[in-house]
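Each remark here refers to the structure printed beneath this line.
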Amino acid sequence: MALSEVAIYNLALQKLEAQRVASVDEDSTNAIECNACYAHLRDLELRKYNWNFARTRATLAPSSVTPAFDYDYAFPVPSDFLRLLPLNTYELDWRIENHEGQVCILTNDGTSLEINYIARITNTGLFDPCFEEMLACKIADHLCGRITGSNTKKKDVRADYQIAKADARRLNAFENISEEPPEDSWVAERR
C-alpha cells in the first residue's frame, strides 16, 4: 500500500525521533518544515534517476514560433517534465533551452517529436515503496539540523539515505531489460 504525503513526512520525522504530524496543513514546526522542503526534494530525487514509475512518453507538437537561428523547430516540453531520457534516434541533433519563455527541445528534424521523459509525479500512490523510503530518508537528512540540532543523528540519517538510495536504484534496475548503447562510430567503421 502506498504511503500518503503525510505518512512520508511522519516516516522522516520518526527517523529523527521527532513529533509526528496529523496533516500537511497542521500549524506545527514539523509540518511547516516538511511542507517547505517536500516538493523540492521529491522533484530532485525524481530527476536524479530513471525511476520506472516516473517514466512517461509524449508526442510533442512544435511551437508556432521558429527559433531565431541554428534550429528549425522548438518543441515545448510537457508541464510535468523533469528530465529527458535518451531520444529514440541518436542521429537527431537537438538541445534543450528556453524559447519564448518555455523550456523547449530545439531540433531541425520533424514536425512532431516523440520523447520519453521523467515526469513530476505528485500522486504518492504511484511511488515505488523503495522510493518512499529513500525520500523519507532524504527529508530527514535535510531537516535533521533544524529539528534535532544533532550532528551524530545527521550522520546516521545520511547513512540511512545512502543505503535506501542504493536499494531503491538496484531494485528499480532489476525491473528493466538491459538497453544496448549505440554502437561506437569508430568500431562501426572498422567492420
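Taken per residue, the accessible surface of the chain reaches 60 Å², heavy atoms only and a 1.4 Å probe. Under the shape rule built on the C-alpha gyration tensor, where the axes satisfy a ≥ b ≥ c, the range 66-117 is oblate, since a/c reaches at least 1.5 while a/b does not exceed b/c.
At the residue level, residue 153 shows approximately 40 square angstrom of accessible surface with a 1.4 angstrom probe and all protein chains present.
Given (i) 15; (ii) 38; (iii) 32, which label gives percent of Cα pairs over 30 Å apart as computed from the coordinates? Correct label, based on the coordinates given: (ii). Quick one: plug the Kirkwood hydrodynamic radius of the range 47-153 (C-alpha pairs) into Stokes-Einstein at 10 °C, 1.306 mPa s, and report D in µm²/s. Taking Rh from Cα pairs, D becomes 98 µm²/s. The apolar share of the surface of the range 1-106, taken as the fraction of accessible area on carbon and sulfur atoms (1.4 Å probe, ligands and nucleic acids excluded), comes to 48 percent.
For residue 103, nonlocal amide neighbours, meaning residues 5 or more places apart or on other chains whose placed amide H falls under 5 Å from its own, are 77. Number of Lys-Lys pairs in the chain with C-alpha atoms under 15 Å apart and a separation of 8 or more places or on different chains: 10. Taking amide H positions as modeled 1.01 Å from N, with prolines and chain starts lacking one, the residues under 5 Å from residue 81 and 5 or more places away or on another chain are 120.
Which of the GluC sites (Glu not before Pro) across the range 34-114 are loop residues per DSSP, with 14 or fewer other Cβ within 10 Å? Mind showing how you got there, number by number?
Details: sites: 45, 91, 97, 100, 114; in loops: 91, 100.
Qualifying residues, ordered by number: 91, 100.
The values are calculated or read from the model by the stated rules, or taken from the named source; none is laboratory data. Note that the structure is a prediction, hence the values are computed from the model and not measured. Note that each Cβ is placed from the backbone with ideal geometry, even for glycine, and that neighbours are counted across all protein chains shown. The area values use the complete protein model at the heavy-atom level, side chains included, leaving out ligands, DNA and RNA. Shrake-Rupley method; radii C 1.70, N 1.55, O 1.52, S 1.80 Å.
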